[in-house]
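The values are calculated or read from the model by the stated rules, or taken from the named source; none is laboratory data. Computed from a predicted model, the values in this text were never measured in an experiment. For neighbour counting, all protein chains shown are included, and Cβ atoms are generated from backbone atoms with ideal geometry for every residue, glycine included.
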Amino acid sequence: MKPALPLVFEAPRRGQPPRHWADLTPAERREVVESIGHRAFRARQLSAHYFEGLRSDPAEWTDLPADVRAYLAKALLPRLLHLVKETRCDDDTTIKTLWKLHDGSLVESVLMRYPDRVTLCVSSQAGCGMACPFCATGQGGLQRNMSTAEIVEQVVDGARRLSRGEVPGGRADPAGGSGGRVSNVVFMGMGEPLANYKAVIGAVRQLTTPAPDGLGMSARGITVSTVGLVPRMQQLSTEGIPVTLALSLHAPDDELRDELVPINTRWNVDEVVDAAWEYAQATKRRVSIEYILIRDINDQAFRADLLAKVLKRRGNWGWVHVNLIPLNPTPGSKWTASRRRDEDEFVRRLAARGVPVTVRDTRGREIDGACGQLAATQN
Ligand code: SAH
């Protein structure tokens with residue numbers, strides 16, 4: 001007879017995803033292993049399989065006693081993400097994956113391989129409650145928050161595919177799968193990550209904890225993107241994990257931002273830009289200002305000037321970088337991307353005022369896998 005699991009490992013509340021190894025801290029993992037009568041170092045062995053070897057099949061954990069394997073696999077490595085569909089483009093270097101969660105919720109992740117890096121765009125919520133009118137995810141509302149492990153599993157899955165050589169396009173062997181690692185994780189998939197703060201921070205910790213207890217990624221390779229939940233931005237700056245913060249600004253004035261990013265009526269342009277500036281001060285990390293270019297809506301020359309002014313007010317340019325994103329089409333949207341000449345003029349005006357600015361190279365538009373297009377539908 002095995003002893004009962006300690007309290008923290010009891011079945012989760014109804015509706016919550018099952019608890020998983022990637023939800024636990026290293027101390028909790030040791031505790032669970034000891035609770036079934038084994039030595040604590042077994043936890044580290046399992047972590048090495050999961051985070052380093054990317055092996056979730058217990059048959060491969062040959063250095064663990066069979067009864068530990070069977071028990072832990074059943075109790076703490078349940079399958080959280082069920083593959084529904086995979087879509088590829090860009091010569092198979094961009095891969096969008098549609099996942100079904102334990103309760104039937106659907107989410108998507110997008111893997112993008114570049115010659116020198118691999119970026120994984122992860123979802124943090126099923127749906128999104130922020131209701132931005134230009135974003136496909138926002139149209140369906142929020143279904144639920146994702147758990148830490150549901151977020152981590154998206155990254156582990158991408159890392160596993162890379163390690164198995166299933167993703168072509170690496171520098172070493174552009175023609176075939178060439179291994180490689182996930183170098184960047186961006187919380188730019190479905191959901192508002194700072195509205196699911198605890199699970200997202202938990203996931204960031206699992207990603208950045210050195211192997212074998214975590215994936216050992218650099219915090220600098222992780223970007224958390226937000227509509228601007230000011231208290232959470234402030235909290236994030238105190239965590240001691242210097243992730244890159246991206247702020248989806250999209251308008252430099254409250255009148256327009258109230259419409260484009262409805263949460264602006266709660267925290268306005270001044271407040272979110274202040275919070276972004278404070279984040280840069282606290283972490284010494286340059287903040288990204290995300291700005292979609294929508295034809296004749298927010299792409300006028302005067303708005304470029306106003307954007308420069310709003311950012312300049314907070315000090316020198318070293319703290320910020322503006323990322324312009326041509327609007328991606330979404331079903332039913334009345335808006336389209338800016339004309340080329342308006343985009344060029346917008347860039348020119350920012351650059352002329354010394355604002356660091358780039359236009360984002362968008363991937364995955366033709367498979368509805370680009371920014372703002374993730375709707376997680378099955379057709
Ligand atoms: N909720 C967070 C995380 C999602 S990130 C946030 O809004 O920041 C997704 C990024 O893509 C955001 O900057 C978002 O504003 C942008 N985006 C949304 N819809 C888009 C669209 N149709 N075209 C281009 N970018 C879009």
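Couple of notes before you dig in:
- Residue satisfying condition, being modelled with pLDDT of 95 or more, crowded, with 21+ Cβ neighbours inside 10 Å, in contact with a Pro (Cβ under 6 Å, 6 or more places away or on another chain) and under 16 Å from GLU290 (Cβ atoms), within set VAL224, VAL269: VAL224
- Taken together, GLU192, GLU259 contain a single residue that is assigned by TED's automatic domain parsing to the domain that holds ILE294, over 14 Å from the mean Cα position of the chain (by Cα), within 15 Å of the ligand (Cβ to nearest atom) and touching a residue at least 60 places away in the same chain (Cβ under 8 Å), which is GLU259.
- Residue in segment 79-99 that is within 19 Å of the chain's Cα centre (by Cα), within 16 Å of the ligand (Cβ to nearest atom) and without any contact (Cβ under 8 Å) to a residue 40 or more places away in the chain present: no
- Of all residues in segment 246-286, those satisfying the criterion of being of a type in the set (A, V, I, L, M, F, W, C) and more than 20 Å from GLY191 (Cβ to Cβ) are ALA251, LEU256, VAL269, VAL273, TRP277, ALA280, ALA282.
- Boolean, VAL200 is touching a Pro at 6+ places or on another chain (Cβ under 9 Å), closer than 27 Å to ALA43 by Cα, touching a residue at least 12 places away in the same chain (Cβ under 8 Å) and outside any loop (DSSP other than H, G, I, E, B): yes
Conditions tested, residue by residue: (1) crowded, with 17+ Cβ neighbours inside 10 Å; (2) within 15 Å of the ligand (Cβ to nearest atom); (3) of a type in the set (Val, Ile, Thr).
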residue: ARG286; (1), (2), (3): no, no, no
residue: TYR291; (1), (2), (3): yes, yes, no
residue: ILE294; (1), (2), (3): yes, yes, yes
residue: LEU311; (1), (2), (3): yes, no, no
residue: LEU327; (1), (2), (3): yes, yes, no
residue: GLY332; (1), (2), (3): no, yes, no
residue: ASP342; (1), (2), (3): yes, no, no
residue: VAL359; (1), (2), (3): no, yes, yes
residue: ARG363; (1), (2), (3): yes, yes, no
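- Every condition in (1) within 16 Å of the ligand (Cβ to nearest atom); (2) farther than 20 Å from VAL204 by Cβ; (3) touching a helix residue (DSSP H, G or I) at 6+ places or on another chain (Cβ under 8 Å) holds for CYS135 except the one numbered (3).
- Any hit, segment 311-323, residues being under 20 Å from VAL230 (Cβ atoms), modelled with pLDDT under 95 and small (Gly, Ala, Ser): yes
- Here is the figure for segment 143-170: residues that are over 19 Å from CYS89 (Cα atoms) and without any contact (Cβ under 8 Å) to a residue 40 or more places away in the chain total 2.
- Inside segment 208-224, residues that are within 14 Å of GLU239 (Cβ to Cβ) and either touching a residue at least 60 places away in the same chain (Cβ under 8 Å) or touching a strand residue (DSSP E or B) at 6+ places or on another chain (Cβ under 6 Å) (or both) make up a count of 3.
- Summed over segment 328-379, residues that are in a loop (DSSP other than H, G, I, E, B) and under 26 Å from VAL110 (Cα atoms) total 27.
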